[in-house]
Amino acid sequence: MPSFEQGPIRPPSEAGSLLLRFTRNCPWNKCAFCPVYKKRRFSRRNLEEILEDIDAVSRMLSEMRDFARSVTGREDLDGAIMQRILKSGDWGEQYKQLAFWVLQGEGTVFIQDANSLILKTEILEQALTALRSKIPLVRRVTMYARSSTVVRKSDQELTRLRRAGLDRLHIGMESGSDRVLRLMNKGTSSKQHIQAGQKAVQSGFSLSEYIMPGLGGRELSREHALETARVLDAVDPHFIRLRTLQILPGTELDAMRQRGEFTPLDDDAIVSEIRLLIQSLRETTAELASDHVMNLLQEVQGRLPGDKGTMLGVIDEYLGRPREERLLYRLGRRAGSLVSPSQLDEPGTRQQLERARKSLEAQEGKDLEAIISDMGRSHL
């Protein structure tokens, strides 16, 4: 099975992307909060392997065009042809995934795993050139990267990769606080985040910076928000994406919590931290996105600075509600039935949530806070 298919987790912003792998797993698997890559060995795929995957996609598309020609007399991979492939039992799962990608019509490709930019520039350049030439449907290529890797690439190398067809970089900043970064064993610094972000933007990449509300815990919450805002202002990325911290059992951060070295924030405290972050942003013109299931208030999104007041208004409306209403909303949000606090005002919604609360508390033998926490972890 070609490895381009072996990628079940799509970032929300890249849904419908064709997934490719230039590396396997993460070269830095020591972050205290990360359960994804623990005990997984990192390796670089060689150019031959990568080109084989690209050739495989190209051949599959060619077979689809042959099928289209046999049906319509034309090679067009239109919606009707893709639907026939998706509904037919004659085409394998790989072909159906590719047909779905064609049907989406956006032509996005996402290079998976945590830091494919670590490959030699010559290898990346050849792989990107082959991808663009052999699969003309590709319109945008996105890759994960680490700040420490970006700063090691020269401006000329980054420009070469941009010209070869790499359009967007996703960097997991998580925090702009040096104390938080050290605490989480991130292996980078605020200075390096600024250098990397500025280099990426100046090289012509569309840049997404991922921020993790709650990562400083109660002890460093204010510093986490203020320092992150400072770094984001200095970088001025195209996108700021919020990814709320969740502590999973077995991680070092969970052990730190048990030892009393880290005090997690509850949902309301995290919302307040996000408010401080947004309020403190002064220079950036980024699009702020709350596009993840673990974010409590997905309506907190918009273009800075123009939409700042609207975003702060959404937060203040939520925090201004009575505690019992906030609890009910959090229950509904974690259950997947609510996406906005305003839904609590709809007839019957509050009564349904009250009934669900009583049933869950009786069934689980826990208070609502504990139940909501358990529901949150189940989404990961």
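The values are calculated or read from the model by the stated rules, or taken from the named source; none is laboratory data. Fair warning: this is a prediction, and the values are worked out from it, not measured in the lab. All Cβ positions, even for glycine, are placed from backbone atoms using ideal geometry, and neighbour counts span all protein chains on display.
Return the residue satisfying two criteria in turn: it lies in region 22-35 and is surrounded by 15 or more Cβ atoms within 10 Å (Cβ to Cβ) and over 14 Å from Leu119 (Cβ atoms), and of such residues it is modelled with the highest pLDDT. Even if it seems obvious, please write down each step before you answer.
We begin by selecting, within region 22-35, every residue surrounded by 15 or more Cβ atoms within 10 Å (Cβ to Cβ); these are 22-29, 31-35.
Remaining after also requiring over 14 Å from Leu119 (Cβ atoms): 28-29, 31-35.
Values: Trp28: 53, Asn29: 57, Cys31: 71, Ala32: 66, Phe33: 60, Cys34: 61, Pro35: 54.
Here the answer is Cys31.
Gly204 - would you say it is farther than 27 Å from Leu296 by Cα and among the small types (Gly, Ala, Ser)?
Working: farther than 27 Å from Leu296 by Cα: yes; among the small types (Gly, Ala, Ser): yes.
Here the answer is yes, as Gly204 does meet what is asked.
Given the condition within 24 Å of Ser340 (Cα to Cα), surrounded by fewer than 22 Cβ atoms within 10 Å (Cβ to Cβ) and of a type in the set (S, T, N, Q), answer yes or no: does some residue in region 244-254 qualify?
Yes.
Identify, from the list Leu288, Leu319, the residue that is surrounded by fewer than 16 Cβ atoms within 10 Å (Cβ to Cβ), under 25 Å from His224 (Cβ atoms) and in contact (Cβ under 8 Å) with a residue 40 or more places away in the chain. Write out each step before concluding.
Working: Leu288 fails: surrounded by fewer than 16 Cβ atoms within 10 Å (Cβ to Cβ).
Going through Leu288, Leu319 in turn, just one is surrounded by fewer than 16 Cβ atoms within 10 Å (Cβ to Cβ), under 25 Å from His224 (Cβ atoms) and in contact (Cβ under 8 Å) with a residue 40 or more places away in the chain: Leu319.
Mind counting the residues in region 280-337 that are in a loop (DSSP other than H, G, I, E, B) and over 18 Å from the mean Cα position of the chain (by Cα)? Please lay out each step first, then the result.
Looking only at region 280-337, we keep the residues that are in a loop (DSSP other than H, G, I, E, B), and these are 281-286, 290-301, 304-307, 320-322, 336-337.
Among the residues that remain, those that are also over 18 Å from the mean Cα position of the chain (by Cα) are: 281-285, 304-307, 320-322, 336-337.
Here the count works out to 14.
Just give me the residues in region 338-365 being under 26 Å from Gly320 (Cβ atoms), out of contact with any helix residue (DSSP H, G or I) (no Cβ under 9 Å at 6 or more places or on another chain) and in a helix (DSSP H, G or I), in sequence order.
Asp345, Gln351, Arg355, Lys358
Only one of (1) surrounded by 14 or more Cβ atoms within 10 Å (Cβ to Cβ); (2) among the basic types (Lys, Arg); (3) assigned by TED's automatic domain parsing to the domain that holds Gln198 fails for Arg350. Which number is that?
Among (1) surrounded by 14 or more Cβ atoms within 10 Å (Cβ to Cβ); (2) among the basic types (Lys, Arg); (3) assigned by TED's automatic domain parsing to the domain that holds Gln198, Arg350 violates only (3).
With respect to the numbered conditions (1) in contact (Cβ under 8 Å) with a residue 24 or more places away in the chain; (2) surrounded by 15 or more Cβ atoms within 10 Å (Cβ to Cβ); (3) closer than 30 Å to Asp66 by Cα, which one is the sole condition not fulfilled by Trp91?
The single condition Trp91 does not satisfy is (1).
Of all residues being of a type in the set (Asp, Glu) and at pLDDT below 90 in region 347-369, which is nearest to Ser290 (Cα to Cα)? Just the residue, please. Can you show your working first?
Narrowing region 347-369 to residues of a type in the set (Asp, Glu): 354, 361, 364, 367, 369.
Going one step further and asking which of them are at pLDDT below 90, we end up with 361, 364, 367, 369.
Values: Glu361: 30, Glu364: 30, Asp367: 28, Glu369: 23 Å.
My answer is Glu369.
Inspect region 122-141 for any residue being in the same structural domain as Gln192 (by TED's automatic domain parsing) and within 30 Å of Ile81 (Cβ to Cβ) and give the result as yes or no.
Here is the first cut: in region 122-141, the residues in the same structural domain as Gln192 (by TED's automatic domain parsing) are none.
No: zero hits.
Just the residues that are outside any loop (DSSP other than H, G, I, E, B) and touching a helix residue (DSSP H, G or I) at 6+ places or on another chain (Cβ under 6 Å), please, taken from region 80-94. First the steps, then the outcome.
Narrowing region 80-94 to residues outside any loop (DSSP other than H, G, I, E, B): 80-87, 93-94.
Within region 80-94, Ile81, Met82, Ile85, Leu86, Gln94 meet the criteria.
Rundown of residues vs (1) part of a helix (DSSP H, G or I); (2) in contact with a Leu (Cβ under 6 Å, 6 or more places away or on another chain); (3) surrounded by fewer than 22 Cβ atoms within 10 Å (Cβ to Cβ), yes/no style:
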{"residue": "Leu226", "(1), (2), (3)": "yes, no, yes"}
{"residue": "Ala234", "(1), (2), (3)": "yes, no, yes"}
{"residue": "Arg241", "(1), (2), (3)": "no, no, no"}
{"residue": "Glu261", "(1), (2), (3)": "no, no, yes"}
{"residue": "Leu265", "(1), (2), (3)": "no, no, yes"}
{"residue": "Leu276", "(1), (2), (3)": "yes, no, yes"}
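Could you please tell me which pairs satisfy a Cβ distance under 8 Å, a separation of 6+ or placement on different chains, a first residue in region 245-273 that is over 20 Å from Leu312 (Cβ atoms), and a second residue that is among the β-branched types (Val, Ile, Thr)?
As it stands, the answer is Leu245/Ile270; Leu253/Ile247; Asp254/Ile247; Arg257/Ile247; Arg257/Thr263; Pro264/Ile247, since those pairs meet every condition given.
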